[in-house]
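In what follows, a single structure is set out as structure tokens and then discussed.
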């Protein structure tokens, strides 16, 4: 069961028209590809994706599940959105409620274990090992944990465990914590136990199922040591994306390809005079200018004299002549007019720009500039660092010599 | 209702492509990095609303049938219509290899009779072009003859490579010359035809009695021209018949122009092909890329100019690749220097090797008529040991299992072909 219903508020306009799990990542993937590919590589071929926020892009992406060979007669992938059940009709109120609303599916399954994943994380994990651990320890719940630095602990559910891997304390997003291990939101349940535990208005997996069962030592923890990132905010998305330029193992692990929906675009074309350094360039890109330390998704156009540095540019956006883009995330179908500057200057006149309602103090985005989907920026415009520009907006430019 | 069904002839041996067709049918030869030649014709079909396509194969069809699968990439995995592959087969009537392009139809006449359609569009799996066949069909309907052939203008000096048609004011062909020394017309047959189905069957049956190796260009078209039953549709776009290795090489590198004649980028409707799971292209710090097409799965640390790289190619630090075409999953070792080379799939080039430099006037000793224009060809899965030099107009192929070639320089025009591949 892959939980994919989160609203992703901290991702601002990147999730205005798409589910968080459908955010493009790494030049050709969507975030949910990692959970789906991990499942398939681990032999799990009976998958439900629980969606509710802006699911269209997610549904388009997953389709019948063919890219993951999940278009199967038995098993496969289904996308479950909240529906009317006779007298009950409500949104998924929380993680446990989403499972409860689909309890028939769990009950009718022949599986004896239920793996609950989060669709907004990037990592490579062989769930076989988790299943082996779970069976070996013979407890009804196993949570996956990872050691995190003290400065990061306020973002996570922090866990205290004994030497024999029993979880004895759990604090959700504590201000500070002496516990070393964070729960990664990856749970393995005995099916019959879960069916019982979901009864009676359970909303949240952590508060309503996990914590109540700590006292009788029903929860074990399985330690994961690999790279794992939760794509929860613009800085974490940006960090995880640019990290791929230093360490590509996430997308190049032998025998563990990340499956995704392909495009039919031609190869990337590099023209005379282009300069590309330390970057990911997807199919269909056409590069005449300079690209450094950046990720270009399919079909991006970089015109002569344009310079793109430390940036992530989604599919089919165009950067025209002489434009400079730095430390920015540019969503799909954006047109950045010639001689503009995006994320270059630290000060400007933000009140004149169509900024997103949640564009806040600079530290919110750590100075990363974000341009919303389908926005057109006229030539010579100046978009200062850390600003979030609306989707479908028009930004006036000015003549620049 | 009038319906058109397409047949794609994909059985040719393609000998003139040398080692590239040693392991695969010509329609399955990679082109423009990620495509196979047949993708262009299949894409044209589906973009023209033709959803029932039969592919006639015969020569090493494994890689072709693997590529085609059930036709999913072209949305041809359909319940009605869809993609069908017709191999030569034993049967009550037919029981032989296809002995000519039209003989392939003769052998499938029982099936052809059962097909529900009015028109049969006959295409070739060896062509690279983008066309809307609806224009061809409209022309055919207006012209009112039972058959039509697509023709394209070629420079007069190329006439001797094609079948040349002379047409009257109504578009009816009045003269058809196969590879004439000189001609007053410059309309070359593209080898694509439309026939009324019943007319095709009766013509093929009639002429099969006269010619065992029944061929469209050689027998059927001249026969129809004599009877005034075929008109010529002038195709105005870019069209290429992948015939020779030289033609393949030149057409490939022509894609690197700022505005090539074959439209791959500008078009809103991309050429359709089989998807793959390579990660995106990675360009490392210190890499240099100029005028090149580079696919996903490649990692570039060295220098690439005026080249086409299929998916999964690695170019290591200090390596230099110029004017070359490299197929899937090859690796070019450190400081290797490669110029004017075509490298087939899964080749490993050792570090410090130097390939493709030499006197282009010395033709290949093995295939002087195909390899005489200053390129070297390296066959599939060959391992080139480090440090050696291979000249130009060379042919190099390690054993079928991917063996290394001897650690010995290869002179201009010379060759090394592993024993198990010699024939």
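Just so you know, all these numbers are worked out from the coordinates, no wet-lab data involved. These figures come from a predicted structure and were not determined experimentally. Cβ coordinates were reconstructed from backbone atoms using ideal geometry, including for glycine residues, and neighbour counts include every protein chain displayed.
Compute the separation of the alpha-carbon centres of region B:225-245 and region A:291-358 and state it in Å as a whole number. Each part's Cα centre sits 47 Å from the other's. Tell me the angle of helix A:32-41 to the major Cα principal axis of chain A, expressed in degrees between 0 and 90 and rounded to the nearest ten. The answer is roughly 50 degrees. An ellipsoid equivalent to region A:1-49, defined through the eigenvalues of its Cα gyration tensor, has semi-axes of 22, 13, 6 Å when rounded to whole angstrom and sorted largest first. Taking all Cα pairs closer than 8 Å and separated by 6 or more residues, the relative contact order of region A:1-79 comes to 34 percent.
Computed over the Cα atoms of region B:4-254, pair by distinct pair, the Kirkwood hydrodynamic radius stands at 18.4 angstrom. For chain B, the C-alpha radius of gyration divided by 2.2 N^0.38 Å, with N the number of residues, is 1.03.
In region B:350-394, Rg over Rh equals 1.00, where Rg is the alpha-carbon radius of gyration and Rh the Kirkwood radius from pairwise Cα distances. Taken residue by residue and averaged, Cβ atoms of other chains lying within 10 Å of the Cβ of B:295-302 number 3. Size estimate for region A:42-127 follows the Kirkwood approach: the inverse of mean 1/r over distinct Cα pairs works out to 14.3 Å. Which of B:404, B:80, B:63 moves most in a GNM of chain B, Cα contacts under 10 Å? Largest GNM mean-square fluctuation: B:80.
Size descriptors for region A:1-149: radius of gyration and Dmax over Cα atoms are 15.6, 47 Å. Reported to the nearest whole Å, the Cα centre-to-centre distance from region B:367-417 to region B:177-213 is 40.
Once both labels are positioned 7 Å from their Cα atoms along Cα-to-Cβ, the gap between residue B:170 and residue A:246 label points is 7.7 nm.
Largest mean-square fluctuation among A:132, A:46, A:230, in a Gaussian network model of chain A whose springs join Cα atoms under 10 Å apart, belongs to A:132.
Segment residue B:77..residue B:236, full-extension length gain: 54.1 nm, with 0.36 nm per residue of separation and the alpha-carbon distance subtracted. The mean count of C-beta atoms from other chains within 10 Å of the C-beta of residues in B:270-278, rounded to a whole number, is 5.
Here, region A:164-238 yields an orientationally averaged convex hull projection of 6.9 nm² when only Cα atoms define the hull.
The per residue volume of the convex hull around the alpha-carbon atoms of region B:56-199 is 153 Å³. Kirkwood Rh over Cα pairs of region A:269-395 into Stokes-Einstein at 10 °C, 1.306 mPa s: D in µm²/s? For these conditions, the coefficient is 114 µm²/s.
Just want the ordering: B:124, A:37, from fewest to most Cβ atoms lying within 10 Å of their own Cβ. Least crowded to most crowded, the residues run A:37, B:124.
Taking label positions 7 Å along the Cα-Cβ direction at both residue B:259 and residue A:192, the computed distance is 7.4 nm, reported to one decimal. Residues A:1, B:111, A:158 in ascending order of nearby Cβ atoms (within 10 Å, fewest first): B:111, A:1, A:158.
Once the gyration tensor of the Cα atoms in region B:142-289 is diagonalised, the equivalent ellipsoid follows with semi-axes of 38, 19, 16 Å, ordered largest first. FRET efficiency for the residue A:176 to residue A:366 pair, using the beta carbon distance and R₀ = 30 Å, is estimated at 0.90. For the segment A:113-119, counting C-beta atoms of other chains within 10 Å of every residue's C-beta and taking the mean gives 0. The C-alpha atoms of chain B define a longest principal axis, and helix B:133-143 lies at about 30 degrees to it. Each stretch of four or more DSSP H residues adds -39500 (n - 2.57); spread over every residue of chain A, this sum gives -4500 deg cm²/dmol at 222 nm. Working note: Debye formula, equal point scatterers on the alpha-carbon atoms of the protein assembly as shown, no solvent; log10 I(q)/I(0) at q = 0.06, 0.07 Å⁻¹ is -0.48, -0.65. Evaluated at q = 0.17, 0.19, 0.23 Å⁻¹, the base-10 log of the normalised Debye intensity for region B:248-348, with identical point scatterers placed on the Cα atoms, takes the values -0.75, -0.93, -1.29. With a simple spin-label model that places each label point 7 Å from the Cα along the Cα-to-Cβ direction, the separation between residue B:351 and residue A:59 comes to 5.5 nm.
Ranked for footprinting exposure by Cβ neighbours inside 10 Å, fewest first, A:79, B:332, B:308 give A:79, B:308, B:332. For chain A, modelled as a GNM whose springs connect Cα atoms under 10 angstrom apart, the maximal fluctuation among A:39, A:221, A:161 occurs at A:161.
Taking the longest Cα principal axis of chain B as reference, the axis of helix B:197-208 is set at about 80 degrees. Note on chain B: helix-only mean residue ellipticity at 222 nm, from DSSP H runs of 4+ residues weighted -39500 (n - 2.57) and normalised by residue number, equals -4500 deg cm²/dmol. Three principal axis extents of chain A based on alpha-carbon atoms, in descending order, are 72, 47, 45 Å. Rounded to whole Å, the principal axis extents of the Cα atoms in region B:282-421 read 41, 32, 23, largest first. Packing-based ranking of B:408-415, A:329-336 yields A:329-336, B:408-415, ordered from highest to lowest mean Cβ neighbour count within 10 Å. Take every DSSP beta bridge whose two residues both sit in the protein assembly as shown; close to 35 percent of them are antiparallel. A protection proxy built from the mean count of other Cβ atoms within 10 Å ranks the segments B:9-15, B:274-280, A:72-78, most packed first, as B:9-15, B:274-280, A:72-78. Assuming R0 = 22 Å, can you tell me the calculated FRET efficiency for the pair residue A:223 and residue A:110, based on Cβ-Cβ distance, to the nearest 0.05? Between residue A:223 and residue A:110 the formula returns 0.15.
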